[in-house]
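See structure below.
The values are calculated or read from the model by the stated rules, or taken from the named source; none is laboratory data. Not measured: the values here are computed from a predicted model. Positions of Cβ are backbone-derived with ideal geometry, glycine not excepted, and every protein chain shown enters the neighbour counts.
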Amino acid sequence: MHRQRALIRTFGLAAAVVFGAGACGPQQGGAGPAAPAAPVVSPSASAGGQDDKPGSPSPSASDSASPSGSPSEAASRSAAPVVKAVMANGDETDQVRELQARLRQLKLMTSAPTGFYGSKTTAAVKTFQSQHGLGATGTVDEATWRKIQELSAKPTEEELRPPTTNEVAAPDPRCMRGRVMCISKESRTLAWMIDGKVVSSMDVRFGSENTPTREGLFQVEWKAKDWTSTIYHTPMPYSMFFSQGQAVHYSADFAARGYAGASHGCVNVRDKAKLSALFDQVRVGDQVVVYW
């Protein structure tokens with residue numbers, strides 16, 4: 001029995017080593033990086049009831065005067081109808097990409113559209129709503145979306161997917177000291193930082209919902225200039241491994257398809273020249289921060 005347990009432990013360790021040896025590769029037809037936020041739920045749904053329907057007949061005077069009507073019932077009858085969100089923080093869709101392109105036309109966003117509704121999009125929507133007398137919630141309801149469409153043109157394909165580098169996000173506080181690859185899931189950028197200064201930056205993409213890129217503080221564990229995934233058998237040039245088989249590496253699939261695809265958890269880079277230069281500078285032991 002002891003010998004069997006020893007064999008099981010040995011086999012499990014070997015399997016972990018094989019998995020950690022390079023578990024990334026492009027996913028065909030991937031939906032892009034995963035968004036951790038939960039779907040937007042209306043207040044009525046979160047309370048266990050059905051969505052309110054604007055335009056439903058209001059209660060009659062005799063209803064409100066009924067002896068059986070409690071104050072709480074009267075309050076619920078007089079409550080304003082729920083305003084449904086068209087797009088909200090945490091969404092990741094083509095419609096969000098169109099929203100971002102339109103906000104860019106209106107000079108309310110400077111970064112390229114990513115399709116992910118994060119803090120930058122929320123701030124831009126709040127500014128727009130304040131400028132036009134709409135409730136500054138940061139969430140796009142039907143009235144806000146109609147107004148944005150009215151004041152902007154339908155984006156071109158180049159506006160939706162510009163061939164420019166994404167704007168670097170504000171760095172995570174953990175990126176401000178030492179040598180750090182500072183990787184933002186919201187802006188989809190990697191910033192190579194030394195003592196709080198950005199030395200270089202590049203576009204990146206991440207794993208899908210089923211194989212997400214892990215977030216947190218890591219270290220570069222090892223590097224390989226020429227590497228092929230031992231699981232997916234795809235090339236991973238300039239690999240810098242930081243978390244159990246997840247690595248920063250060049251992706252020919254990302255270079256060809258952009259954000260139409262996704263990795264199996266790795267941080268993909270599409271600019272091979274920039275990554276080659278970064279690979280030469282990064283040392284084993286340098287920090288890696290992955291954050292929203």
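Values as computed for the structure displayed
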| read-out | value |
| --- | --- |
| Output for the stretch 144-153, where each listed residue is surrounded by 15 or more Cβ atoms within 10 Å (Cβ to Cβ) and touching a residue at least 40 places away in the same chain (Cβ under 8 Å) | Thr144, Trp145, Ile148, Ser152 |
| Positions within the stretch 215-229 being of a type in the set (Asp, Glu) and touching a residue at least 12 places away in the same chain (Cβ under 8 Å), in sequence order | Glu215, Glu221 |
| Qualifying residues in the stretch 185-197 (those that are charged (D, E, K, R) and not in a strand (DSSP E or B)) - the one surrounded by the fewest Cβ atoms within 10 Å (Cβ to Cβ) | Asp195 |
| Flag if Gln244 is surrounded by fewer than 19 Cβ atoms within 10 Å (Cβ to Cβ), at positive phi, polar (S, T, N, Q) and out of contact with any Ser or Thr (no Cβ under 8 Å at 6 or more places or on another chain) | yes |
| Strands (runs of 3 or more DSSP E) lying entirely in the stretch 230-292 (those with 1 or more residues that are out of contact with any Cys (no Cβ under 8 Å at 6 or more places or on another chain) and free of Cβ contacts under 8 Å to residues at least 60 places away in the same chain) | 239-243, 246-250 |
| Residues within the stretch 250-279 that are over 16 Å from Lys185 (Cα atoms) and surrounded by 21 or more Cβ atoms within 10 Å (Cβ to Cβ), tallied | 5 |
| Matching residues in the stretch 214-228 - criterion: being under 22 Å from Ala277 (Cα atoms) and either within 25 Å of the chain's Cα centre (by Cα) or not in a strand (DSSP E or B) (or both) | Phe218, Gln219, Val220, Glu221, Lys225, Asp226, Trp227 |
| Only one of Thr144, Thr114, Thr127, Thr121 that is under 26 Å from Ser208 (Cβ atoms) and either in the same structural domain as Val204 (by TED's automatic domain parsing) or part of a helix (DSSP H, G or I) (or both) | Thr121 |
| Matching residues in the stretch 102-116 - criterion: being modelled with pLDDT of 95 or more and buried (at least 21 other Cβ atoms within 10 Å of the Cβ) | Arg102, Leu103 |
| Residue list for the stretch 253-276, restricted to those being touching a strand residue (DSSP E or B) at 6+ places or on another chain (Cβ under 7 Å) and aliphatic (A, V, I, L, M) | Ala262, Val267, Val269, Leu275 |
| In the stretch 218-255, the residues that are hydrophobic (A, V, I, L, M, F, W, C) and closer than 16 Å to Pro26 by Cβ | Trp227, Ile231, Met236, Ala247, Val248, Ala252, Phe254, Ala255 |
| Ser119, sole failed condition from (1) of a type outside the set (Lys, Arg); (2) touching a strand residue (DSSP E or B) at 6+ places or on another chain (Cβ under 6 Å); (3) at pLDDT below 95 | (2) |
| Flag if Pro162 is assigned to a loop (DSSP other than H, G, I, E, B) and more than 19 Å from the chain's Cα centre (by Cα) | no |
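Yes/no matrix, rows are residues, columns are (1) surrounded by 18 or more Cβ atoms within 10 Å (Cβ to Cβ); (2) of a type in the set (D, E, K, R); (3) under 20 Å from the mean Cα position of the chain (by Cα):
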| position | (1), (2), (3) |
| --- | --- |
| Gly133 | no, no, no |
| Gly138 | yes, no, yes |
| Glu157 | no, yes, no |
| Val199 | no, no, no |
| Met202 | yes, no, yes |
| Phe206 | yes, no, yes |
| Pro212 | yes, no, yes |
| Thr230 | no, no, no |
